[in-house]
1. Would you work out the relative contact order for the chain, in percent, from Cα pairs under 8 angstrom that are 6 or more residues apart?
2. Report, in debye and to the nearest 20, how large the dipole of the chain comes out about its Cα centre when Lys and Arg carry +1 and Asp and Glu carry -1 on their Cβ.
3. If amide H atoms are built 1.01 Å from N in the plane of the peptide, which residues on other chains or at least 5 residues away come under 5 Å of the amide H of Tyr498?
4. At what distance in nm do the modelled label points of Leu109 and Ile475 sit from each other, each positioned 7 Å from its Cα along Cα→Cβ?
5. Run the helix sum for the chain: -39,500 (n - 2.57) per DSSP H stretch of 4+ residues, divided by residue count, reported at 222 nm to the nearest 500 deg cm²/dmol.
6. Per residue of segment 289-299, what does 6.51 cos²θ - 1.76 cosθ + 1.60 with θ = phi - 60° give for ³J(HN,Hα)? Whole Hz please, x for Gly and Pro, Karplus curve as stated.
7. Can you pull out the chymotrypsin sites (Phe, Trp or Tyr not before Pro) in segment 103-166 whose DSSP state is coil and whose Cβ has at most 15 other Cβ atoms within 10 Å?
8. Of the listed values (i) 33.2, 111; (ii) 23.9, 74; (iii) 38.8, 167, grab the one calculated as Rg and Dmax of the Cα atoms in Å from the structure here.
Amino acid sequence: MNNKAKFILYENDNQFSYEKNNKNIQVRFNRVAFIFFVFFIISLIYLIHLIHLGSRSSNDINDNNSKIYNKLKRADIVDRNGNFLAKTVSSIDIGINPMEIIDQKKLLLNLSIIFPNKDYNSIKSKVDKNKFFWFEKKISEQNFEKIMMLGDKSIKPEEKLIRVYPQKNLFSHIIGQIDDDNNGISGLEKSLDVQLKKNRDAIQLTVDKDIQFLIREELIKYNQIFRSNGSAAILMDVNNGEIISLVSIPDFDPNIRTNITDKNYINRVTKGVYEFGSVFKTFTLAAAFHEDIIEPQTQFNNLEKKLKCGKNTISEYDEKIPSDLSAEQILIRSGNIGSVRIGQSLGIEKFKKFIDKLNLINPIKFDIEEVGVPIPFNWGKCKLATTSYGHGITTTILQLANAYSVIVNGGYEIRSTLIKKNTYKKREKILKNNVSKKINPILRKIVSTKEGTATLANVEGYEVGGKTGTAQKSIVGGYSKNKVNTFASIFPTSNPKYTLIVMLDEPKTNSEYIYNYRDGSEIKYKGTPYNTAGWTTVEVAGQIIEKIGPILATKYNEVK
């Protein structure tokens, strides 16, 4: 049998016969199947490769987007009640590519209808240069819809992440700013820069938006009344160091990224270093109580009106102060000579050790980096005498508030903080029990009695206590006539919860201002008689406590 098919035809009986060659058909089928298999494998490999490339490209894009997002994203910052102080939000910028404009006249006309306040001569000039430019940044949602409805290819939207500060100026010195590269350059934005970039959860602060607002409003108001260069206030929980409010005036809007070089815009609470004067007398008396040297009723007789120390003369600010005073009366009436005598009874080593315990004249660590460094000095007999009444010794308002809190809270060390914590470390007791028990009633008398220097802060129901301080500003070679007026207050004195420090930088008297006495007499007094803390910062502090007291009592249920 050969390889050809055989055909047999029988003519007579019309029969047809066909014999098939199965071997030849099998060969042809095998060739077709092989070719199909090769094409299938090639197609499969190509398809897998495409899928791999597509998947890799998608992942690369996602990775790049994630990297960009992570670079720009910063954790939100909220106050103790969850109100946003700093937030990262999505924004859209609109650019124009002149090379893709079809009808320039029509485009500019349409844009002028949507954005009528822009300078279209300047915009036309940019268009004529045929270079891409930004037309509108942080466009509103309404205007974005309008401009995209124009359907012009030259309009290029670009989505960005931006940092916004909903409270504007209110927390500027606390929150600080970032630069155009998303790096913190001041305030918490700088000190918490790494944490803000890594975290996705909001960072909660100890401050209260409502209280901050009220305190700032009073400072701005009295800046105008007393024509101060600036002012500052800090409200702190005496038991855990939580800062409920920190305000420094003038302030700024962190939404407007500007390079502020004017020194008047420094954070006066943390960065400013000042001589505060008589507020230091509290520490002198407290040190003597701590060392068990004197008691509140210890008598100091025949106090001079003037003392000579080296080439300098120390005198009373008020010659009417009696020559015979008890220890507590020295503080109540703010006697300079009496404070010197108490300091001398302590001696340099004990007084210096006490000041160090309160961390008043050493550099401190704080949540923000803008912290001033007290001016160092050498101790001696004359320096002991002057520091006893607050002359020639400097510190920051932040340190002053911290020290007063320790003095009145039972002598427990605290660390001032702006960051809300779930738990706080066990407090270390650094002063004897009797210090607060003895000093707190005296601070109350400074406010509640006629002999005291802070009667204008005697807000009913809050048991306010405190100490005034009026100090001349130091200059090269001596002191100027410009003053720093301070009032360090605590309330309630029977069970201290809060320290409030108010400072006015270079205030002036106001002949038209009406003072309302808080002794129930309804007596009014027109005009500022003296440019002292008792007539300036005490008045401001009294107004502040009157405004914030109900909120503290209601919200925190702590002031009674």
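Computed from the coordinates by the stated procedures, all read-outs in this text should not be read as laboratory data. Keep in mind that this is a model prediction, so the values were computed, not measured. Note that each Cβ is placed from the backbone with ideal geometry, even for glycine, and that neighbours are counted across all protein chains shown.
1. 13
2. 1020
3. Hits under the 5 Å cutoff: Val238, Phe491.
4. 6.6
5. The per-residue figure over the chain is -11000 deg cm²/dmol.
6. 3J(HN,Hα) across segment 289-299, in whole Hz: 5, 4, 8, 6, 8, 9, 10, x, 9, 4, 8.
7. Of the chymotrypsin sites (Phe, Trp or Tyr not before Pro), the ones in loops of segment 103-166 whose Cβ has at most 15 other Cβ atoms within 10 Å are Phe132.
8. (iii)
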